[in-house]
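Take a look at the structure set out below.
All of the numbers you see were taken from the coordinates with simple rules; none came from a lab. A quick note: this is a predicted structure, and the numbers were derived from the prediction, not measured. As a convention, Cβ positions derive from the backbone with ideal geometry for all residues, glycine included, and neighbour counts pool all protein chains shown.
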Amino acid sequence: MFDLIVRGGTLPDGRVTDIGIKGSKIIAMDQLGSAEAEQVIEASGNLISPPFVDPHFHMDATLSYGLPRINASGTLLEGIGLWGELKQVMTQDEVVQRALTYCDWAASMGLLAIRSHVDTCDDRLLGVEALLEVRNKVKDYIDLQLVAFPQDGFYRDPTARENTIRALDMGVDVVGGIPHFERTMVDGTASVTELCEIAAKRGLQVDMHCDETDDPLSRHIETLAYETQRLDLQNRVAGSHLTSMHSMDNYYVSKLLPLIAEAEINVIPNPLINIVLQGRHDTFPKRRGLTRVKEMLAHGINIGWGQDCVLDPWYSLGTADMLDVAFMGLHVAQMTSPSEMQTCFDMVTTNNAKTMGLTDYGLHVGARASLVVLDAGSAIEAIRLRAARLQVVANGKIISQTPRPDAMLSILDRPASIGRRHNT
Ligand code: FE2
């Protein structure tokens, strides 16, 4: 007797199976015939995916678009300045409420694991307090991992170093950094070293905003790879953005990529944001600013798409939909072959789960019973359609249901949409 059976779903690798769930675990992955369950989801060939995972987000800033004003230039630096203004006036309750609203959006999109940076440059650590509260409130349905992020510079901001350590003492999970924003290259390098040492000493992971610039000489990723190996932090360090690699000399990159691979650094490009923020100082040709995704995949580096922002000082759109992120990444990185498109789906699920160090993730016996039923027949079709999340299951419980868009159209007495799925 199962608590929940999902019948006849198509897995991302194309296999068709039933999934039997008891409590919060998957206990069977097979044809379950006439087995009974308290609840049954008839997947009928629909795609069943493990939950979407976003390894790079800013939940303390989300849903604040327009507060206290809009980013007029659209640049990263004006966004940082604007966020500095907002930090002075926002309240803890406002941050909590916006973050909880965002978590509702995320759950409805099947996004059940999020790594959020939280700014540690405010002496009150108001955002840290707020997101620790949110992490606890959503823990039954979202794995929220927090990164202590000295937005204004670990050394550049006068109290960021002390406050970042305080935030870790308060229970923030991961050590962050922003070496390219320190006053000098030397300070940036020193910040990478000290932050990695802090992580090693505390047994924590590292996730740095690293080289988020169009300057090809911003090479902090090299130091991050070096410190990762020196301190035995392999597979526990992530480099977020790495946009300077877009503009680097090819010869240097040919030396750099094996160093990143050796150090087992996880990489997180954020295509929605990189395509919007980078290249702002260019005339034409105008750089895309995305890091070298296909080249890193070819070197066996674990890399996954992050979302970064939704409706905040840096980005004026967004819906918590990791399929939007994969769709944009696929275009900007020109990952258009069938295997590359499939990889883009893996990059918002399994690859990101590896980056976050999630255990019991995936669709297999013994895994946590969290999954998404999508209105699509395959992973590629899910990206093409940014398909509806028909059911979202978290820890064995159905937490969200969305009607098929065609069903909604018929309710509205309008013709069915053109170009939808081919498998029905
Ligand atoms: Fe970020």
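With Cβ to Cβ distances under 9 Å as the rule, what net charge do the other residues near PHE2 carry (K, R +1; D, E -1)?
Summing Lys and Arg as +1 and Asp and Glu as -1 gives -2.
Relative contact order for the chain using alpha-carbon pairs under 8 Å, separation at least 6, rounded to a whole percent? Let's see the in-between values first.
Values: 955 pairs, mean separation 80.4, N = 424.
The normalised contact order for the chain reaches 19 percent.
I'd like the distance between the alpha-carbon centres of segment 372-403 and segment 222-255, rounded to an integer number of Å.
Comparing the Cα centres of segment 372-403 and segment 222-255, I get a distance of 35 Å.
Mind computing the radius of gyration and Dmax over the alpha-carbon atoms of segment 63-119? Å is fine for both.
Values for segment 63-119 (Cα only, Rg and Dmax): 13.0, 33 Å.
When only C-alpha pairs under 8 Å and at least 6 residues apart count, what is the relative contact order of segment 201-282, in percent?
36
If you take the Cα Rg of segment 52-356 and divide it by 2.2 N^0.38 Å, with N the number of residues, what do you get?
0.91
Within the chain, what's the longest stretch lacking trypsin sites (Lys or Arg not before Pro) that sit in DSSP loops with no more than 12 other Cβ atoms inside 10 Å?
Answer from the scan: 287-424.
Where q = 0.21 Å⁻¹, what log10 of I(q)/I(0) comes from the Debye formula for segment 246-308, counting one point per Cα?
Log-scaled intensity ratios, in q order: -0.90.
Beyond 20 Å between alpha-carbons counts as too far, so tell me which of LYS22/LYS397; LYS255/LYS294; LYS87/LYS139; LYS354/LYS397 fall in that bin.
LYS87/LYS139; LYS354/LYS397, as the Cα separations exceed 20 Å there.
Which length gain, in nm to one decimal place, applies between ASP140 and GLU197 when the Cα-Cα distance is subtracted from 0.36 nm times their residue separation?
Additional length available on full extension: 17.3 nm.
When the convex hull of the Cα atoms of segment 32-100 is projected onto a plane and the area is averaged over all directions, what value comes out in nm²?
Averaged projected hull area, Cα only: 8.7 nm².
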